Structure formats: structure tokens, C-alpha cells
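J.: Starting off with a structure, shown below.
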Amino acid sequence: MPLMDMPLEELRAYLPAREERADFDAFWRETLAEARRHDRAPEFTPYDACLTEIDVFDVRFPGFAGDPVAGWLLVPAHATAPLPCVVGFLGYGGGRGFPHEWLSWPAAGYAHLVMDTRGQGGSLQPGATGDPHGSAGASSPGMVTRGIEDPHAYYYRRVFTDAVRAVDAARAHPAVDPARVVVAGGSQGGGIALAAAALARDVRAALVNQPSLTHYRRALDVVEGNAYREIWTYLRTHREAGERVFRTLSYFDGVNFAARATAPALFSVALMDDICPPSTVFAAHNHWAGPKEIRVWPWNRHEGGGWFQDMEQLRFLRALLASA
């Protein structure tokens, strides 16, 4: 496909105005305070994954409203001291899958907590976390429009809260150094990582690949793929709901989280991505409040850098943590 967004030199300078409500911080402060009232300790149950060099734990921790959220924790066997931990968030439709799918980080010497995304897992890897909260008005088949006319009822209020509680859970395990927790994800997982980097306490770094859930108005102007298509379909059907929808989305926009995130970050972007358009990725990157780098993959679509970007992330974290 041809280049589908701005030229690269314009993308590097792209700093759109943020659409943000005056009570944005209060909204999230109150949301997280309510979630932390459910202070049940996370559960780490040893799991036989037939892996001899990795210790695996089936994780359950309290997320939004204390709902049980599943995950995997993988720890290099025979670790002698607490390790840095990468808390990973998943792409749209994916669940936590099987432990042997997540070996790269523990093979490099990190603990790795994989958060199951509530209500998903029906399209890619299987999931193990339900979403017991009903949300009115979801006319599209997926999750993105559930409760989209009310920020308190919106599906991603629950998911982003789960993500912060996943960081809390990782820090509670004795194999994890609580001062060296990293958040990571791509696509939907990248959008979740943007939120977690801003809302969780003192994460050490963020690894953000082709994030969705960011700069919504621009995304809907440029593409109609995947999650953004669901919002477009909703707006096409609910013609009167536009301002209510965008008011809700302003509380969940990755650009607003990026402006509050101060940890060192490594982004990636694919210039032919027709699912998460490059301008929306650069909007989050350029608004990021902390140190940041971005890897640009000129010829790739939503797969981005793939294994090449994985190598970039391994090098980035090695250099960052070695200098700590």
C-alpha cells in the first residue's frame, strides 16, 4: 500500500492539541482509589508448564472493583536476587494464552507478568478473565464501544485499572524488584501501556509498539480498521451521540496519558500501518513527558518491526537498567 499518513518529517514535529477534561486527574485518582480498597493479596500458584528453566505461576489479582484478573508470571529458574519485571499487555482480542508463548523476557533474565485482558481472548490466544460488568449501548461486535457514552461505564476504565493493579501485583512477588518494573505492549497493549505508565506508581520504563486507543479523532479521520472501525460504526448508527462519545474517549486517550508519563520510553511506529496510523503514534510519542526514543519501520504495516523491534527493546532495557 502507499504511504497513508503524513511524511516522516511532519510526523516528527506533529504535536496536536490535546482534548482533555478538567477533571481528568480526579477521575483517575478516584477510580484507582476505589480499586485499591479491594486489597486482597494477589495469588501466585505454581503451574507445570513443562519448562525446566522457567518457573511459571498462574496469577490471580484483584482488578477493577476487585474483579479477579488472570495472568502468567514467568521467572527464570534459580534466580538468586529480585529481578526487573516486564508487565505485558495484549493486542485486541488476545488472551494470556499459554506460558510457552512468553519466553523471550525470562530468557533474557527478566521476570515477565502477562496480564489477561478482561472479556477478550476469543480471537487470538485464549483468555481466562471475564468481564462481569454490563455496559449499555455497544452496537458493534467488539469491546471498544461498551459503555462509550459514559466514562464511568466505559470498558477501558476497567481495563486500564486492571493494568495498574497488574503492576501492583508484580511488585508483590518476592522474585520481582519493585523499583524495576517495566510496562510493555503493542497495538491495544500499547495503548494500555500508555495508561499504565502514567497511572501506576514509578514504573521504570515503557515499551510501546504501534499503540491504539490514542488520538481518537485523528485515527477516525485516517483509518477505519479494527477497533477504530467499531467506533466509526457506532457513530454512524448513533448519529446524535458524537460529542458524548468523544467526551468519554478523552478520559482514555493515550495522548493525555503520554503527557503525564515520565519514565524512559521506547516507541515504535510503522509508516504503512492502516490500523494504528503513524500520526496517532507520533502524537503520543511527541507528547510523552519523559525521555523517549522511537524506532521507525518505513515499509511495514501493523506488524511493525516484529522480531527486529523485540531486539531493539532488549537492547534498550539492557542499556537502561545497566546504567541504573
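J.: Order Met6, Met115, Met311 by their accessible area, 1.4 angstrom probe, all chains in place, largest first.
T.: Ranked from most to least accessible, the order is Met311, Met6, Met115.
J.: Also: Would you please put 239-246, 210-217 in order of how densely packed they are, using the mean number of other Cβ atoms within 10 angstrom per residue and starting with the highest?
T.: Output ranking for 239-246, 210-217: 210-217, 239-246.
J.: Show Glu224, Glu30, Glu312 ordered by accessible area, largest first, where the area counts protein heavy atoms only and the probe is 1.4 Å.
T.: Reading off the accessible areas and sorting them downward yields Glu30, Glu224, Glu312.
J.: Sticking with this one: Quick one: how many Å² of Leu15 are accessible to a 1.4 Å probe, rounded to 10?
T.: Per-residue accessible area (Leu15): approximately 100 Å².
J.: How much area per residue is accessible in the chain when the probe is 1.4 Å and only protein heavy atoms are counted (Å²)?
T.: 41
J.: Which GluC sites (Glu not before Pro) in the range 39-109 pass both tests, a DSSP loop state and at most 15 other beta-carbon atoms within 10 Å?
T.: Passing both the DSSP loop test and the Cβ count: Glu53.
J.: Okay, helix-only estimate at 222 nm for the chain: each DSSP H run of n ≥ 4 adds -39500 (n - 2.57), divide by all residues, round to 500 deg cm²/dmol; what do you get?
T.: -10000 deg cm²/dmol
J.: Under a 1.4 angstrom probe, counting protein chains only, how are Cys85, Cys50 ranked by accessible area, largest first?
T.: Most to least solvent-accessible, the answer reads Cys50, Cys85.
J.: Pull up the DSSP beta bridges for the chain and report the antiparallel fraction as a percent, rounded to 5.
T.: Antiparallel bridges make up about 40 percent of those DSSP assigns within the chain.
J.: Here is a follow-up. If we sort 145-153, 279-287 on the protection proxy, mean other Cβ atoms within 10 Å, highest first, what's the order?
T.: Top to bottom by mean Cβ count within 10 Å: 279-287, 145-153.
J.: Expressed as a whole percentage, what fraction of the accessible surface of the chain belongs to carbon and sulfur atoms when a 1.4 Å probe is rolled over the protein heavy atoms?
T.: 53
J.: Further, regarding this structure: Which percent, to the nearest 5, of DSSP beta bridges fully inside the range 1-136 are antiparallel?
T.: 80
J.: Then there is this: Tally Lys and Arg at +1 and Asp and Glu at -1 over the other residues with C-beta under 14 Å from the C-beta of Arg96: what net charge comes out?
T.: -2
The values are calculated or read from the model by the stated rules, or taken from the named source; none is laboratory data. The model shown is predicted, which means the values in this text are computed figures rather than measured ones. FYI the Cβ positions are ideal-geometry reconstructions off the backbone, even for glycines, and counts take in every protein chain you see. When the accessible area is computed, the model is the full protein with side chains, heavy atoms only, and any ligands, DNA or RNA have been set aside. Shrake-Rupley method; radii C 1.70, N 1.55, O 1.52, S 1.80 Å.
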